[in-house]
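Below: one structure, written as structure tokens.
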Amino acid sequence: AAGVIQSPRHLIKEKRETATLKCYPIPRHDTVYWYQQGPGQDPQFLISFYEKMQSDKGSIPDRFSAQQFSDYHSELNMSSLELGDSALYFCASSAGKEETQYFGPGTRLLVL
Amino acid sequence: AQSVTQLGSHVSVSEGALVLLRCNYSSSVPPYLFWYVQYPNQGLQLLLKYTTGATLVKGINGFEAEFKKSETSFHLTKPSAHMSDAAEYFCAVSVGLGGKLIFGQGTELSVKP
């Protein structure tokens, strides 16, 4: 079965650079969630979209923005990167308001 | 506000022994509860979930969990541990249907031969 696809899988950036993370949900899933997992931490919710509209917002820095496109894929844009942004970024998708979120493999971001 | 507490950041069992990972939740509304497993350098895989109905839920790989409202618990169990069960386990609560997940701190399970 098709799963959530995230790209890139690994990313190395310098401080103050920008990064764009992409998420392709499971086919026919219209809801996308972004989570950030720091080293040794539990995943923290950043933002979610339902039918291309932002549906909820968590502890996402103002330096970050995200959107969901007409084909339901989503992109997380991160600017003015800081060392503390180094983390594993997960995307999850679900079908409508279904309760189960299916996670992608994550993008590991390292900021030097 | 919803929250999740996992008791024990690290649990070690012998192969073939009972696995018990503890999770307590706090929720002002009927909760949706989940257990996810994370293998090293991998994403989160759903083990099982409780939404409504039967309070004992069975998941993949022989795991099961029981929702106990009176104890606000959702502990994960497996009768006999395998070496392949070694991983990080996260309990999570959903804020409403289709809402964000709030995770516990995670429990690392080690399985000794």
| request: Determine if segment A:61-76 includes at least one residue that is over 25 Å from B:Gln6 (Cβ atoms), within 13 Å of chain B (Cβ to nearest Cβ), of a type in the set (Gly, Ala, Ser) and surrounded by 15 or more Cβ atoms within 10 Å (Cβ to Cβ). | output: no
| task | Within segment B:96-112, count every residue that is of a type outside the set (A, V, I, L, M), modelled with pLDDT under 95 and over 15 Å from the mean Cα position of the chain (by Cα). | result | 4
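Give segment A:8-29 a look and list any residue that's assigned to a strand (DSSP E or B) and either of a type in the set (Lys, Arg) or within 14 Å of the chain's Cα centre (by Cα) (or both), or say none.
A:His10, A:Leu11, A:Lys13, A:Ala19, A:Thr20, A:Leu21, A:Lys22, A:Cys23, A:Tyr24
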| query | Could you list, in sequence order, the residues of segment A:77-112 that are among the aliphatic types (A, V, I, L, M) and either closer than 18 Å to A:Pro8 by Cα or within 14 Å of chain B (Cβ to nearest Cβ) (or both)? | reply | A:Met78, A:Leu81, A:Ala87, A:Leu88, A:Ala92, A:Ala95, A:Leu109, A:Leu110, A:Val111, A:Leu112
| request: Could you look through segment B:42-66, keep only residues that are within 12 Å of chain A (Cβ to nearest Cβ), farther than 17 Å from B:Tyr25 by Cβ and more than 14 Å from the chain's Cα centre (by Cα), and pick out the one that is surrounded by the most Cβ atoms within 10 Å (Cβ to Cβ)? | output: B:Gly43
| said: Looking only at segment A:1-50, filter to residues that are of a type in the set (Asp, Glu) and modelled with pLDDT of 95 or more; which one of those is surrounded by the fewest Cβ atoms within 10 Å (Cβ to Cβ)? | reply: A:Glu14
| remark: Within segment B:67-86, residues closer than 13 Å to B:Gln38 by Cβ and buried (at least 19 other Cβ atoms within 10 Å of the Cβ) come out as B:Asp85
| request: For B:Val4, work out the one condition from (1) of a type in the set (A, V, I, L, M); (2) under 18 Å from B:Gly104 (Cβ atoms); (3) more than 11 Å from chain A (Cβ to nearest Cβ) it doesn't fulfil. | output: (3)
| From the residues in segment B:78-113 that are outside any loop (DSSP other than H, G, I, E, B), in contact (Cβ under 8 Å) with a residue 40 or more places away in the chain and among the polar types (S, T, N, Q), which one is nearest to A:Val32 (Cα to Cα)? | B:Ser94
| note | For segment A:100-112, pairs from a residue that is in contact (Cβ under 8 Å) with a residue 60 or more places away in the chain and buried (at least 21 other Cβ atoms within 10 Å of the Cβ) to a residue that is of a type in the set (Val, Ile, Thr) and part of a strand (DSSP E or B), with Cβ under 7 Å and 6 or more apart or across chains, are A:Gly104/A:Ile5
| When both residues are 6+ apart or on different chains and their Cβ atoms are under 7 Å apart, which pairs have a first residue that lies in segment B:48-70 and is assigned to a loop (DSSP other than H, G, I, E, B), and a second that is acidic (Asp, Glu) and surrounded by 11 or more Cβ atoms within 10 Å (Cβ to Cβ)? | B:Thr51/A:Glu99; B:Thr55/B:Glu66
| From the set of residues in segment B:28-41 that are closer than 13 Å to B:Phe67 by Cα and in contact with a strand residue (DSSP E or B) (Cβ under 9 Å, 6 or more places away or on another chain), which is surrounded by the most Cβ atoms within 10 Å (Cβ to Cβ)? | B:Phe34
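The values are calculated or read from the model by the stated rules, or taken from the named source; none is laboratory data. Everything numeric here is computed off the predicted structure, so don't read it as measured data. Because the Cβ atoms are built from the backbone with ideal geometry, glycine has one as well, and the counts that use them run over all protein chains shown.
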